[in-house]
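Structure first, commentary second.
Each value in this text was obtained by applying a stated rule to the coordinates, not by laboratory testing. Treat the numbers as computed from the prediction; the structure is a model and nothing was measured. Reconstructed Cβ throughout: ideal geometry from the backbone, glycine too, with neighbour counts over all protein chains shown.
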Amino acid sequence: MMVKKYFFLVLLTLNCTLVFSQVSICSWNIMNFGKSKSDSEMDFIAKTINKYDVIAIQEVVAGKGGAQAVARLVTNLENKGFHWDYAISDPTTSINRSSIERYAFIWKASKVKKIGRSWLDTNYANEIDREPYMSTFEYKGKQFTIVTFHAVPKKKNPARELKYFKLFPGLYPNLNLIFMGDFNCPQSNEVFSPLKKMGYKSSLVNQKTSLRQKCIQNDCLASEYDTMFFNPKKMNATQSGIIKFYDSFATLKEARKISDHTPIWGIFNLK
């Protein structure tokens, strides 16, 4: 009887270890973040994402209001519990001034530690309109590096930028890279084939993430633009999905005041 009880406790301990070794990550292109988000909209955004450990935000306004909006969001998150910290990128070095943006990382400081500085990767700044923003985090002794990115719109051929991602594992061979953001391109596009041949997998498959202008027979999503690419040799995605935040609004027009993309999320076991 004592032996059975002992093995039960061992199994329970192992199970708890697996559960608590999982880090949750959210990525969201929050449209024009910083220009026109009211207090109620900011509170809604905070309630939508506050369950995750690390959050990557794309499309932070580069000019007046962008950095302040991130700070406002963090204050709002802290009012809901946990201590949060954040990092905001410098403006991207886009030749086209209208394309210049910032990125941001937000994380629960009591659960996740940021290692070193965050940086805009400038290796292909001349070839990429908005260079990716990178940061290494540590969770329970395991490290991972997020590469967050906002590609040019579909009409400008985002594949011409995304093709450089295949070179990042070689540039950063000692880092556990996870690519995420708004790629304006489906994960099935052949531009991601080199990453897939290296073993990288998309956290979402056949999952639309951008919002239509109007719902068509309750179908409110337009394109498969956002996902996370991770290396299964270094981390496993146990769960992933999108947050249908637009269901909280009477119309899609109202929802689009928050963003024209849904947040995406993944829960990962780090190896």
So what are the ³J(HN,Hα) numbers for the stretch 197-207, from phi and the Karplus equation (6.51, -1.76, 1.60; θ = phi - 60°), rounded to whole Hz, Gly and Pro as x?
5, 7, x, 5, 10, 8, 5, 10, 9, 6, 10
Quick query: amide H of Val147 versus all other amide H atoms, modeled in the peptide plane; which residues come in under 5 Å with a sequence gap of 5 or more or a different chain?
Ile178, Phe179, Met180
State the Cα centre-to-centre distance between the stretch 165-229 and the stretch 39-102 in whole Å.
21 Å
Residues with beta-carbon under 12 Å from that of Glu190, excluding Glu190: net charge, scoring Lys, Arg +1 and Asp, Glu -1?
+4
What residue among Ser135, Ser38, Ser210 shows peak mean-square fluctuation when the chain is described by a Gaussian network model with Cα springs under 10 Å?
Ser38
Please check: in the Gaussian network model of the chain (C-alpha springs, under 10 Å), which one of Lys201, Lys214, Lys163 has the largest mean-square fluctuation.
Lys214
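Tally the DSSP beta bridges in the stretch 25-238 and give the antiparallel ones as a percent, rounded to 5.
Values: 31 of 43 bridges.
Of those bridges, close to 70 percent are antiparallel.
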Low-density loop cleavage sites - GluC sites (Glu not before Pro) in the stretch 93-194, where at most 13 other Cβ are within 10 Å (DSSP)
Glu127
quick shape note, the stretch 93-146: Cα extents on principal axes in Å, largest first -> 41, 19, 12
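Could you tell me which chymotrypsin sites (Phe, Trp or Tyr not before Pro) in the stretch 66-126 are loop residues by DSSP with no more than 15 other beta carbons within 10 angstrom of their beta carbon? Please list the in-between numbers first.
On the way: sites: Phe82, Trp84, Tyr86, Tyr103, Phe105, Trp107, Trp119, Tyr124; in loops: Phe82, Tyr124.
Passing sites in the stretch 66-126 are Phe82.
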The stretch 105-125 and the stretch 144-160: distance between their alpha carbon centers, rounded to Å:
18 Å
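With charges only on Cβ, +1 for K and R and -1 for D and E, what is the dipole size of the chain about its Cα centre, in debye, rounded to 20?
Working: 38 positive and 23 negative charges, 121 e Å.
In total the dipole reaches around 580 debye.
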At most 13 other Cβ within 10 Å, DSSP loop - trypsin sites (Lys or Arg not before Pro), the stretch 49-109:
Lys51, Lys64, Lys80
Volume of the Cα convex hull of the stretch 24-172, divided per residue and given in Å³
113 Å³
Regarding the stretch 126-254, what are the three Cα extents along the principal axes, ordered largest first, in Å?
47, 37, 23
Whole-Hz Karplus ³J(HN,Hα) for the stretch 49-59, in order, using 6.51 cos²θ - 1.76 cosθ + 1.60 and θ = phi - 60°, x for Gly and Pro?
10, 6, 7, 8, 7, 10, 10, 10, 10, 10, 6
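Counting only Cα atoms, I'd like the Rg/Rh figure for the chain, Kirkwood definition for Rh.
Working: Rg = 19.0 Å, Rh = 19.3 Å.
Looking at the chain, the ratio lands at 0.99.
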Using 0.36 nm per residue of separation minus the Cα-Cα distance, give me the extension gain between Lys196 and Ser98 in nm, one decimal.
32.0 nm
